[in-house]
1. I'd like to check something: does segment 245-265 contain any residue that is more than 22 Å from SER212 (Cα to Cα), buried (at least 17 other Cβ atoms within 10 Å of the Cβ) and in contact (Cβ under 8 Å) with a residue 40 or more places away in the chain?
2. Would segment 389-397 turn up any residue that is surrounded by fewer than 20 Cβ atoms within 10 Å (Cβ to Cβ) and either hydrophobic (A, V, I, L, M, F, W, C) or within 30 Å of MET228 (Cα to Cα) (or both)?
3. When only residues in segment 177-196 that are surrounded by fewer than 23 Cβ atoms within 10 Å (Cβ to Cβ) and in contact with a strand residue (DSSP E or B) (Cβ under 7 Å, 6 or more places away or on another chain) count, which is modelled with the lowest pLDDT?
4. Looking at ALA163, ALA195, ALA191, ALA202, which one is among the aliphatic types (A, V, I, L, M) and either over 21 Å from the mean Cα position of the chain (by Cα) or farther than 22 Å from GLN97 by Cβ (or both)?
5. Please determine, by comparing only the residues of segment 341-360 that are touching a residue at least 40 places away in the same chain (Cβ under 8 Å) and assigned to a strand (DSSP E or B), which one is nearest to VAL435 (Cα to Cα).
6. Going through ALA488, ALA443, ALA456 one at a time, which residue ends up being modelled with pLDDT under 85, more than 24 Å from GLY140 (Cβ to Cβ) and not basic (Lys, Arg)?
7. Can you work out which of the residues in segment 473-511 that are farther than 25 Å from LEU332 by Cβ and in contact with a helix residue (DSSP H, G or I) (Cβ under 9 Å, 6 or more places away or on another chain) is surrounded by the fewest Cβ atoms within 10 Å (Cβ to Cβ)?
8. Name the helices (runs of 4 or more DSSP H) wholly within segment 192-273 that hold at least 3 residues that are in contact with a Pro (Cβ under 7 Å, 6 or more places away or on another chain) and within 30 Å of ARG511 (Cα to Cα)?
Amino acid sequence: MTHLEIDNLSIAYSDDHGRDAFAVQDATLSVARGESIGIVGESGSGKSTLARSLLGYLRPGARILKGGIKLGKTDVLRLSAAELRQFRGSRVAMVPQNPLSSLTPHLRVGDQLAELLRTHVGLRGKSVEERAHDLMARTGLPTTTTLARRYPHELSGGQRQRAVIAAALIGRPELIVLDEPTTALDKTVEAKVLALVEEIRAELGATLVYVSHDLNVIRRVCDRVIVMRDGSIVEAGDTEKVLNRPENAYARKLVSAIPRIDVSAPPESGEDAPVALKINQLSFTYPKPRQLFGRRISSEPALEGIDLKIKQGETLGVVGESGSGKSTLAALIAGATAGHQGTIQLGTSAVSGHAIDRPADMRRRIQLVFQDPLSALNPTQTIGEILSRPLRLYYKLTEAEAREKVSTLMVEMGMSPDLATRRPRQLSGGQQQRVGLARALAARPELVICDEVTSALDVTIQEQVLSLFLRLQQELGLTSIFISHDLAVIARVSHQIAVLEKGVLREVGPRDDILNAPRHPYTRMLLDAVGHGPGPSVSEPYSQQIQAEIQPVTETTGIF
């Protein structure tokens, strides 16, 4: 029986000339009670607009041109403002992409849950606190009494996402909309959150609408999938059929871009290639702020006893969960952080200290490409100004010479030189990331460090960036460190893989050895989290670590 019905829905925004620009066009969809449906497509395809409309929500400037949405017998688009407030809290809930921005920063997590319990469930007194703690416990949050008193920024990414899920469950919703809820999470944390979502779905009999650009996630949690492009549904059907045998040309392109661990390794530079970067017994501990009477409290090392070598022209992939030390390693090499023990050597040169204190040529030789290009690019400058700065800084080119080099560089990056007059916000996410990579390459570095550069990109854009990176590496002989929590991305670009856990190097070796014959149980746990678990099964302590976090949800007493 149909539970959610979308009938010929069209949603449009008005452009600068007052014309309608369709975000959703003629969308029709029927979903049964308890079914899980995935919505996929590139940025701008309309998937988030369609998903949010199920809650009766439209962004400013948007309007419904035609069509309807029904949940059961309720006509969602005809609800009054007061009815919508009650509807959203009791019958439908949303789990957004960024839990930190959706939680109130100045309120403790427990207080936020308590406010929702009073508003949507009508609880009062001591039962509010008890129910809030119960919700947190049943969504796998440990030490709930302590966590309830913390502010959102004091929780990890996985804990914040579970807190948001706990908030979504308060009204026992019959429809849950999840908009990219695991995009920023490590794969092991993602696996736990997805297991939690499946438990909730079974417990409540809820209908799920899951928006994601990660087709591997959609494959794991959804019964059916719809593919959107430019606001239209171009293909719909059973998940396995659409992802294995897509009929639409755009859907085939989307599926072909899914990153896979079992791809061929990039060509190696050869046994006689010199060592470009050598790290010996690298250790680092972040200083704690001074406490009362000027004393400092001790802290755990962020990195401890790291030994690594990278050959010229090759890529070292670095994987591990949040807090493993991946970004700290990048920051020490690039000079964003200083104060390490041990040695870092680029060629024959020692590397240490903050970048600002290093010789200009050493700053040029090591370049860092950031995860979020929009926050890393100066919003007040044009793309031409951004790319010409390293050319003029390191090579003293004239303005005319720099402009010519910028045009050549943009063509090499697969971008039109006409984009040089635009500012970062006027580019797509993929174009922004290409500019970030181009800025690094403009300095002609010996080492490029890429820190989660594809984590927020659609699969098609991600594939374009990775293909570009591999081509430039071969053409320019780049040596690189590629940091990612996505093992499929690491497999695509790496010659060697280093596995970090809590600042300790668990294992390092050739790409195929790590992926197909991992020696350490932590590596096997990471591979199991993406459904690629070769060799012996995950050891007991690590499997218990995963189960311990999702066990509260599977208790026979149920979620509520």
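1. Step one: filter segment 245-265 for residues more than 22 Å from SER212 (Cα to Cα), giving 262-265.
Okay, now just the ones that are also buried (at least 17 other Cβ atoms within 10 Å of the Cβ), so none.
Looking for residues that are more than 22 Å from SER212 (Cα to Cα), buried (at least 17 other Cβ atoms within 10 Å of the Cβ) and in contact (Cβ under 8 Å) with a residue 40 or more places away in the chain, one finds none in segment 245-265, hence no.
2. First, pick out the residues of segment 389-397 that are surrounded by fewer than 20 Cβ atoms within 10 Å (Cβ to Cβ): 389, 392-397.
Retained after the next criterion (residues that are either hydrophobic (A, V, I, L, M, F, W, C) or within 30 Å of MET228 (Cα to Cα) (or both)): 393, 397.
Within segment 389-397, one or more residues are surrounded by fewer than 20 Cβ atoms within 10 Å (Cβ to Cβ) and either hydrophobic (A, V, I, L, M, F, W, C) or within 30 Å of MET228 (Cα to Cα) (or both).
3. GLU180
4. Working: ALA163 fails: either over 21 Å from the mean Cα position of the chain (by Cα) or farther than 22 Å from GLN97 by Cβ (or both); ALA195 fails: either over 21 Å from the mean Cα position of the chain (by Cα) or farther than 22 Å from GLN97 by Cβ (or both); ALA191 fails: either over 21 Å from the mean Cα position of the chain (by Cα) or farther than 22 Å from GLN97 by Cβ (or both).
From the options ALA163, ALA195, ALA191, ALA202, the qualifying one is ALA202.
5. Of the residues in segment 341-360, the ones touching a residue at least 40 places away in the same chain (Cβ under 8 Å) are 341-347.
Now drop any that are not assigned to a strand (DSSP E or B), which leaves 341-346.
Details: GLN341: 34, GLY342: 34, THR343: 32, ILE344: 28, GLN345: 28, LEU346: 25 Å.
Going through the qualifying residues, I end up with LEU346.
6. Values: ALA488 fails: modelled with pLDDT under 85; ALA443 fails: modelled with pLDDT under 85.
Checking each option against the conditions leaves just ALA456.
7. For segment 473-511, the residue satisfying everything is GLU475.
8. Working: elements: 215-221, 239-244, 249-256.
Output list is empty.
The values are calculated or read from the model by the stated rules, or taken from the named source; none is laboratory data. Owing to the predicted nature of the structure, the values given are computational and were not obtained by experimental measurement. All Cβ positions, even for glycine, are placed from backbone atoms using ideal geometry, and neighbour counts span all protein chains on display.
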